[in-house]
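Notes for the one structure printed next.
The values are calculated or read from the model by the stated rules, or taken from the named source; none is laboratory data. In this text, all values refer to a predicted model and were calculated from it rather than measured experimentally. Using ideal geometry, Cβ is built from the backbone for each residue, glycine included, and neighbour counts are taken over all protein chains shown.
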């Protein structure tokens, strides 16, 4: 059996402080960050994706950030291949990989070594579903998926039409749901041994206030101009899912005032955070820490460092 690759991981909802914590863990355990964010991979989208700035990185090396063209349709298989290479490289240099991010699908596939198996495709059925999504709406397809595979359906956003269609297609062609297919793949085992810290908040308003504050700062930092640049230059099916651009488009098109769009952006971000928490709470291997229970950030960091040391991970 392959030697276990010990890693640290920081997961949780947006605006919970994952980046800052990951940096502190890297300082303590001689680590480098491996981003686990499906949007931070893209170039020219730093504000919308909350990509860590040079100041926030504090000299700690961050991998898989800002390297892909926004027109490129990136997926979980591509991510896992690159992330595994990063993890192997970091360990080979005697350092500790610290996986940090909020994309639950990417995280699960990476640490559980889920392998993609090319299912038989059905282009006719796919086109039929795509047409139905256009004429009847994606909610109809998501409702059908809920009847077949409630586990997968609950993890998908209504805007992720491609993934909804793919899940229905897999079921039609294999008789297995997407969630069943993943569980079968997991039986192959993984060589990654993670110690996972999950950031959460006892008081939901505490987290939501952090999200609202972050959105206001994103606007002040130039999110509107960044969104305008995006729509002028790119048309990626994956990158457009980044929260921030769709919500501002009515303003850019002269169809709504900015304040209305900003409020919708805050609502979308809060909903996203709720979905992230729902995803991660299903994982009983995560050590949850509640950010609103600590008087200072440093006291929380010290508690987490002690948890890791007590587990004899490093």
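Overview of values
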quantity	calculated
The listed residue being surrounded by 13 or more Cβ atoms within 10 Å (Cβ to Cβ), within 17 Å of the chain's Cα centre (by Cα) and in contact (Cβ under 8 Å) with a residue 40 or more places away in the chain, out of 307, 277	277
Members of region 32-47 found to be in contact with a helix residue (DSSP H, G or I) (Cβ under 6 Å, 6 or more places away or on another chain) and buried (at least 24 other Cβ atoms within 10 Å of the Cβ), listed by number	33, 34, 36, 42
Complete set of residues in region 251-274 that are surrounded by fewer than 15 Cβ atoms within 10 Å (Cβ to Cβ) and not in a helix (DSSP H, G or I)	253, 254, 255, 257
Count - residues of region 73-106 that are part of a loop (DSSP other than H, G, I, E, B), at pLDDT 95 or above and surrounded by 14 or more Cβ atoms within 10 Å (Cβ to Cβ)	3
Candidates 266, 285 - the one that is in contact (Cβ under 8 Å) with a residue 24 or more places away in the chain, under 30 Å from residue 6 (Cβ atoms) and within 24 Å of the chain's Cα centre (by Cα)	285
Within region 1-15, tally of residues that are farther than 14 Å from residue 97 by Cβ, out of contact with any helix residue (DSSP H, G or I) (no Cβ under 6 Å at 6 or more places or on another chain) and at pLDDT 95 or above	0
Where residue 18 falls short, out of the listed (1) crowded, with 24+ Cβ neighbours inside 10 Å; (2) modelled with pLDDT under 95	(2)
Of all residues in region 19-78 being without any contact (Cβ under 8 Å) to a residue 24 or more places away in the chain and closer than 30 Å to residue 303 by Cβ, the one that is nearest to the chain's Cα centre (by Cα)	51
Complete set of residues in region 134-162 that are surrounded by 18 or more Cβ atoms within 10 Å (Cβ to Cβ) and free of Cβ contacts under 8 Å to residues at least 60 places away in the same chain	138, 141, 142, 145, 149, 152, 153, 156, 161
Helices (runs of 4 or more DSSP H) within region 146-199 that include 1 or more residues out of contact with any helix residue (DSSP H, G or I) (no Cβ under 8 Å at 6 or more places or on another chain) and closer than 30 Å to residue 31 by Cα	178-186
Residue list for region 240-267, restricted to those being modelled with pLDDT of 95 or more and either within 21 Å of residue 18 (Cα to Cα) or in contact with a strand residue (DSSP E or B) (Cβ under 6 Å, 6 or more places away or on another chain) (or both)	265, 266, 267
Counted residues, region 27-43 - those being outside any strand (DSSP E or B), closer than 18 Å to residue 110 by Cβ and touching a strand residue (DSSP E or B) at 6+ places or on another chain (Cβ under 7 Å)	2
Filter result (surrounded by 13 or more Cβ atoms within 10 Å (Cβ to Cβ), out of contact with any helix residue (DSSP H, G or I) (no Cβ under 6 Å at 6 or more places or on another chain) and assigned to a helix (DSSP H, G or I)) within region 281-302	291, 293, 297, 300, 302
Given (1) over 20 Å from the mean Cα position of the chain (by Cα); (2) in a helix (DSSP H, G or I); (3) over 29 Å from residue 290 (Cβ atoms), number of the condition residue 205 does not satisfy	(3)
